[in-house]
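The values are calculated or read from the model by the stated rules, or taken from the named source; none is laboratory data. Every value quoted in this text rests on a predicted model; they were computed, and no experiment measured them. A quick note on method: Cβ atoms are made from the backbone with ideal geometry, for glycine too, and the neighbour counts reach across all protein chains shown. Side chains included, ligands, DNA and RNA excluded: accessible areas come from the protein's heavy atoms. Shrake-Rupley method; radii C 1.70, N 1.55, O 1.52, S 1.80 Å.
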Amino acid sequence: MHIELRKPEIVMKLDRLGSFHQSKLSFLRSFIREFKSWDFKTKEFFLNDQGFGHIVYEVNKGQKKYSLICFSNHIENSERSDRVIATKWDASFVLFDGVPAKADIERLKANVPLQEQGRVSEKELCLSRANKSVRVFEHVVDKLSQGEQPDTKLLYDVGYLYRTTAVYGSGKFGLADRIKVQDREELKGPFRLEMMLVYLARQFTFDVVNHVAHFRSPEKAVRLSEDIARNLGIGNSTGLGMAPFIVNHPALLNQWIIAKEKALKLIRSISSVNQNDKNTFQLYLTTIQENIKFWKTESEYQKNKNRQLLKDLDSFQRFFSTTSLDKFFWNTIYKWTEANTQAECCEFIVSLMMEVYPDIVEPLSYEMSINEDEYFDIDTSRTIDEICKLIENQYTWLLNINFDNKENVFNFWYYSKNKQEPRMSDRFTEEGSDLELPLAIARDISALYNDLKSCKLDKDLGYYLLKNQEYRHVLRRVLICEQLPYSEIQDNTISKTLIPVDMLRLKLSFFGATRFDPRSDRWVRITMYQGAPLMKEISKSDDTWSYKKIA
C-alpha cells in the first residue's frame, strides 16, 4: 500500500494547526535527548533568607559550557503582571556563553532585571523573566517550613511555581546573534538555547522554595518531594508577539510541519504491527486521559475543545479496543480518527502514535532547521504566466476571497510603540493601519495575482519587478511554497473571524507546551516540562516522561 503525505490543504488550515499537541518532535523533548549526556550542576548559590539574590547553573561537556544566571528580586504585589508592559518581575534569567566571571555577574545584575531598559552583550545568548504564582508559592513554602509536603491537588491544578512572560534571543537587547552559535552541533535543533533556559529556570523555582522554607523554620523545614517537583513544570504567558514568527519564517515552518507529516506517513506505512506496539499505545492513551483532568482553564473556547477531546477519545477507545491487528493497522486507526473525530482529537492521536516508534520519529528532529537564506533569491527569468499558474495551483484557497469585503480585511498587524511587540487591531476603528506589518499574506498574494494578470503574461519577472516592487515580499513566498509546500498557513490572517490563539498554539505545540489555557483569543497560559526529569536525573532519563501519570 502506498500512503501519501497529508495534503497541505488539510494540514495548513488554522483550525487544524491550532489543534496540534506536543510530541517527540517538540523542541524541549529533543533538547533533553540532546543534552542528557552533559553535566548539569549548581555553580553558585547566593540567596538571602528571603530568597533574593542570584543562582548560577552550569551545563558542560568537556570544554563546552553554558551557564544560566538567575536573579531573584523583591517586588510589591501591585507590581506583578504577566503583561509585556510590566517593568518588574520576581525573577529574571540570562543564558551565558561559557562561565561568567564575577565582573560579568555584576554587570548583568545591573541590567538583566531591567529587561528592555537594560543592555547585555554578545556573551549572552537568551534572556527571560518570570513571576511567581503567588498563591502556590506561598502555600508550598508554608507547608515545607512546617515539615509537611504541599497539597498536590492545588499544585497540579496550577502545574508550576513560576511562569515566564517572554524568552528572548537572536540579538534582542544586545544578545548574541544566532549566527554566532548556529554551527554548534548541540544547537542544530530549533530553539535549543531557549529550551535550555526554560529547563534550568524550572530548577531555580524548586531551589528557591526549598531555600525560603528552610530559613523560615530551620528546625522543622523539609525539602519539596522530588516526586512532586517532577510533576511541576514552569508556566508561560504568551501573547500576540509570538504569532508573526510562523508567518515570517515560511521555510522554517515547512521543516517543522513536514517532519511531523513524514513521521505520520512512515507509521501509517508499517504493514505489520505487533501486540506489544498496540499495548504501548494503549498505556500512553490511558495515562494521558487521566492527565487531561488536570488541564484547567476559564476559557469557554478551550473548555469546549477539552470536552470534545474527551468525548472523541471515548469513541476512539471503543474503536481501538475492538480493532484487530490487520495489515497497515495504524493506517486504519488514522483514517477512522480523521473521519470520526474533531481535529483536536485527531492531532492528539497522531502525537500519541509517534510515541510508539522512537526509531522512526526521533531522527526527524534533526531535520527541523533550515538555511532560510537559500530561498531568498527570486528567479527573475520565470515568466509572469508561470507565476500566475503557481498561484492558481498553490493558493486556490484564497482566490475566491473578496478583499473588498470589510470582514476580510478587518484586522491589521503593527508594532506597539512602547515595547516594539507585534499587536493586532480593528482597521476601521483604530488608528495606525498606515504602519501595517506585511503579515496580510492572503490579501497581498491576491493583489499580486490580479496585478500579474493585468501584465503581458509572456514577460519575465525581471520585467515586472523593474516596474513594481510592492509585492516582492509575497512573490518570494510563492516561489518558496513551490519548493516547500507546508510553508504557508492557508487562512486569512487579517479576517474578522481569525482566532489568533490558534497561531500561538501551533508554535507552542512544537515547543512542547501542554495545558493550553487561553485567557482571551490573543494570549494563552501554558506549562512546559511538566513531568520532565529533574536536573540531577537528566543523564538517566528516557523520552517517555511526557506520558507519565500525574499522581
Response to the item:
Here FRET efficiency (C-beta to C-beta, Leu390 to Arg307, R₀ 56 Å, nearest 0.05) is 0.85
Item to complete: Output ³J(HN,Hα) for region 120-129: one whole-Hz value per residue in order, computed from phi by the Karplus curve 6.51 cos²θ - 1.76 cosθ + 1.60 with θ = phi - 60°, and x for Gly and Pro.
Response: 10, 10, 6, 6, 9, 10, 9, 9, 7, 8
Worksheet item: Mean separation of Cα pairs under 8 Å and 6+ residues apart, divided by the residue count of region 372-483: what relative contact order is that in percent?
Response: 40 percent
Worksheet, complete the sentence: Taking a crude spin-label model, label points 7 Å out from Cα along the C-beta direction, the Lys102 to Leu114 distance in nm is 2.3 nm
Practice prompt. Round to the nearest 10 and give me the degree value, 0 to 90, for the angle of helix 343-355's Cα axis relative to the longest principal axis of the chain.
Written response: 60 degrees
Worksheet entry | Cα centroid of region 473-507 to Cα centroid of region 28-59, whole Å | 37 Å
Practice prompt. Calculate the spin-label point distance for Gln469 paired with Ile292, positioning each point 7 Å from the Cα along the beta-carbon direction, and give it in nanometres.
Written response: 5.3 nm
Worksheet item: Tell me, in nm to one decimal, what length is gained between Lys406 and Trp545 on full extension, where the rule is 0.36 nm per residue of separation less the Cα-Cα distance?
Response: 45.3 nm
Worksheet item: Amide H to amide H, which residues 5 or more places from Leu484 or on other chains are under 5 Å from it, using H placed in the peptide plane?
Response: none
Fill in: Centre separation in Å (Cα based) which lies between region 121-181 and region 288-321
28 Å
Item to complete: Would you mind checking the pairs Lys65/Lys180; Lys13/Lys456; Lys278/Lys303; Lys123/Lys507; Lys61/Lys188 and listing those with alpha carbons more than 23 angstrom apart?
Response: Lys13/Lys456; Lys278/Lys303; Lys123/Lys507
Discussion item. For Glu76, project a label point 7 Å along Cα to C-beta. Then give me every residue of region 99-143 with its amide nitrogen under 18 Å of that point.
Written reply: 132
Worksheet item: Where does helix 329-340 land angle-wise versus the long Cα axis of the chain, in degrees 0 to 90, nearest 10?
Response: 80 degrees
Worksheet entry | From phi via Karplus (6.51, -1.76, 1.60), per-residue ³J(HN,Hα) for region 531-542 in Hz, x at Gly/Pro | x, 5, x, 6, 4, 6, 9, 4, 5, 9, 7, 10
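Where does the chain land at 222 nm, in deg cm²/dmol rounded to the nearest 500, when only DSSP H runs of n ≥ 4 count, each adding -39500 (n - 2.57), divided by all residues?
Working: 20 runs with 224 residues, N = 551.
After summing the helix terms and dividing by residue count, I get -12500 deg cm²/dmol.
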Response to the item:
If the chain between Arg33 and Arg135 were fully extended at 0.36 nm per residue, the gain over the current Cα-Cα distance would be 33.4 nm
Fill in: 3J(HN,Hα) from dihedral phi, region 505-511, Karplus parametrisation 6.51/-1.76/1.60, rounded to Hz, x for glycine, proline
4, 4, 5, 5, 5, 6, 5
Fill in: Highest-first arrangement of 93-104, 365-376, 487-498, where packing means the average Cβ count within 10 Å
487-498, 93-104, 365-376
Worksheet item: Which value in Å is the Kirkwood Rh of the chain over different Cα pairs?
Response: 25.1 Å
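Tally up the carbon and sulfur contribution to the accessible surface of region 465-551 as a whole percent, 1.4 Å probe, everything protein left in place.
51 percent
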Worksheet item: Tilt of helix 472-483 relative to the longest C-alpha principal axis of the chain, in degrees (0 to 90, nearest 10)?
Response: 90 degrees
